[in-house]
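J.: One structure, as structure tokens, below. Some questions next.
The values are calculated or read from the model by the stated rules, or taken from the named source; none is laboratory data. Remember, predicted model here, so these are calculated numbers, not experimental data. With ideal geometry, Cβ positions are generated from the backbone for all residues, glycine too; neighbour counts draw on all protein chains shown. All accessible areas refer to the heavy atoms of the entire protein, side chains included, with ligands and DNA or RNA removed. Shrake-Rupley method; radii C 1.70, N 1.55, O 1.52, S 1.80 Å.
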Amino acid sequence: VLPRIGYRKRAHLMNPLIPGLQEGGKMSSSDPDSKIDILDPPEIVRKKLKKAFCPPKQVEGNGVVSFVEHVLLPASALRSPDSTPSISIPRRDAEPLVYTSIDKLKADYLADVLQPQALKPAVTEALLEILAPIRKAYEGSEEWQAVEKRGYPPPPAPEKKKKKEKNLGSRFPGAGAVEVKPDGHVEGEGALEVSVGRVKEPNGST
């Protein structure tokens, strides 16, 4: 269609939709914790993956497992001399688990051989390794930073709530609202009934 109206053909990079990092949903710009942005600093990436939905022995709807399948393994194949995908997952009290296929990783995860407490840190470090050069280039480019701020401006700071002035009322019982001035005279609805420090009684006594 585009060439017919004077434009060149465009290339489209298509990838499957993968689950978000939170339970029961896809990645969404309205939920920052459901996705990883390529410009997220390391501490944010770690925080998001630490609290990501990753129940043991469940691969369907598991965003962390999907990250391995659709991001980490394909990226590792691009960097491998023989194009072999690979991810190594260290374990505290055992030898690391090394996977070259997502099928084997999923099978071990379903069998509880691979557990979330081992998978999450490994995914975090592998992802940070991919993002590090992008983040470095971003931090070294004022132009890129300016464009990013224009395209994704930070949310406005919340307005500070103004404190409501408390109406303490009159310290002269029985009088209307009055205000005592520095020179001692009073103003307001009950000014006629009030003298400084005293209230006139109906019979005229004070």
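J.: Students often check this: by mean Cβ neighbours within 10 Å, which of 23-33, 44-54 ranks highest, and how do the rest follow?
T.: My ranking of the peptides, most packed first, is 44-54, 23-33.
J.: Sorted by packing (mean other beta-carbon atoms within 10 Å per residue), highest first, where do 146-157, 117-128 land?
T.: 117-128, 146-157
J.: Under 5 Å between amide hydrogens, which residues at least 5 positions from ARG91 or on another chain qualify, with H placed 1.01 Å from N in the peptide plane?
T.: LEU97
J.: In nm, to one decimal, how far is the SER141 label point from the LYS162 one, both placed 7 Å along Cα→Cβ?
T.: 4.5
J.: Mind checking which lysines have their C-alpha under 26 Å from LYS164, skipping anything on the same chain fewer than 8 residues away?
T.: LYS181
J.: For segment 3-90, what is the accessible area per residue in Å² when the probe is 1.4 Å?
T.: Accessible surface, normalised per residue, equals 67 Å².
J.: Moving on to the next point. Between ILE130 and LYS50, what is the label-point separation in nm under the 7 Å Cα-to-beta-carbon projection?
T.: 2.2
J.: For the cross-link pairs LYS120/LYS149; LYS47/LYS163; LYS47/LYS160; LYS48/LYS136, which exceed 25 Å when the distance is taken from alpha carbon to alpha carbon? Don't skip to the answer; put the middle values down first.
T.: Details: LYS120/LYS149 30 Å; LYS47/LYS163 35 Å; LYS47/LYS160 28 Å; LYS48/LYS136 20 Å.
Among LYS120/LYS149; LYS47/LYS163; LYS47/LYS160; LYS48/LYS136, the Cα-Cα distance tops 25 Å for LYS120/LYS149; LYS47/LYS163; LYS47/LYS160.
J.: Run the accessible area of segment 1-111 with a 1.4 Å probe and give the carbon-and-sulfur part as a rounded percent.
T.: Numbers: 4150 of 7610 Å².
Ligands and nucleic acids excluded, carbon and sulfur give 55 percent.
J.: Same structure again: Using a 7 Å offset from the Cα along the Cα-to-Cβ direction at both GLU187 and ALA111, what is the distance between the two label points in nm, to one decimal?
T.: In this crude spin-label approximation the distance works out to 8.8 nm.
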